[in-house]
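> What follows is a single structure, and I will ask about it in a moment.
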Amino acid sequence: KAEELTQLSRHIQAFLDNDFEKAKEYQDLATDILCSRGINVNCYTSRKYQYEKGEGWNGIEIKNDRRITETGNIYIETHEKKAEAIEWIESGILRKDNTRLWFIGDDKRAWLFSKKQLRALTKNGNFKQVETATSLGVLIPVKYIDQHSNIPLEVFDIEKEKMILENMKHIPEV
C-alpha cells in the first residue's frame, strides 16, 4: 500500500510539474508576442511579489486556458480559496492589484482584454458561473466575444504570431 501511494504521489507531482512548465512556456510565448507589438511585459515569479503587487510591474496578467477549444468558453476567475478554507476571497479580475490588462488564450487563439471590460462582462450575470473546490469564476463563450468585436482590445492567431516571431529571428542586424 505504501509503495502504491508513493508511486501515485510521484505521478501526481510529475503531472503538476509538467502543467506548471506548460504554463511558464505559454507565459514566455505571450511575452514574446506582446513585446513584438511594443508592449513591454515583466512577470513576477515569486508569490510574495505576485500577492503584494500583481503579476508584473506593468499590470499585465497572462492566462493559459487550455480548455478553450474543448469547451468553447474562456474561464474568468473571480474568487479563490484553499481547499480546506470556508470563505472565498476575491482573486482574478476582482483582486485589488495593479493588473489592468489580461492576455488569455490557448495554443490557437488569444485575446487581450482590459480588466475593466472583464469586470463589466462578469457583473451582468449573463454568463454561467462555475465553482470548483478552489476556484469560482465565469464562463464567457468564445462565440459571444467573436460577435462583439469591441470587447477584446486585440485578438491573436497564435500560429501566425509564432511564424512572425520565427521570421524576426532571421532579420539581419544593422
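> Looking for whichever is over 23 Å from GLN117 (Cβ atoms), open to solvent by 50 Å² or more (accessible area, probe 1.4 Å) and modelled with pLDDT of 80 or more here; the options are THR69, THR45, THR6. Which one fits?
Only one candidate qualifies: THR45.
> While we're looking at this one, here's another question. What number of residues within the range 118-174 are part of a helix (DSSP H, G or I), closer than 30 Å to ALA85 by Cα and open to solvent by 70 Å² or more (accessible area, probe 1.4 Å)?
Residues meeting the conditions: 2.
> Of the residues GLU70, GLU131, GLU87, GLU52, only one is out of contact with any strand residue (DSSP E or B) (no Cβ under 7 Å at 6 or more places or on another chain) and closer than 23 Å to LYS160 by Cβ; which?
Values: GLU131 fails: closer than 23 Å to LYS160 by Cβ; GLU87 fails: closer than 23 Å to LYS160 by Cβ; GLU52 fails: closer than 23 Å to LYS160 by Cβ.
Checking each option against the conditions leaves just GLU70.
> If you don't mind, another one. Name every residue in the range 88-117 that is more than 18 Å from TYR51 (Cα to Cα) and either β-branched (Val, Ile, Thr) or open to solvent by 50 Å² or more (accessible area, probe 1.4 Å) (or both), in order of residue number. So that I can check it myself, show each step before the final result.
Within the range 88-117, the first condition is being more than 18 Å from TYR51 (Cα to Cα), and the residues that meet it are 103-114, 116-117.
ILE104, ASP107, LYS108, ARG109, LYS116 - these are the residues of the range 88-117 that are more than 18 Å from TYR51 (Cα to Cα) and either β-branched (Val, Ile, Thr) or open to solvent by 50 Å² or more (accessible area, probe 1.4 Å) (or both).
The values are calculated or read from the model by the stated rules, or taken from the named source; none is laboratory data. Model, not experiment: these values are computed from the prediction. Quick reminder, even Gly has a Cβ in these numbers, built from the backbone with ideal geometry, and neighbours come from all protein chains shown. Surface accessibility is based on the protein's heavy atoms, side chains included, excluding ligands, DNA and RNA. Shrake-Rupley method; radii C 1.70, N 1.55, O 1.52, S 1.80 Å.
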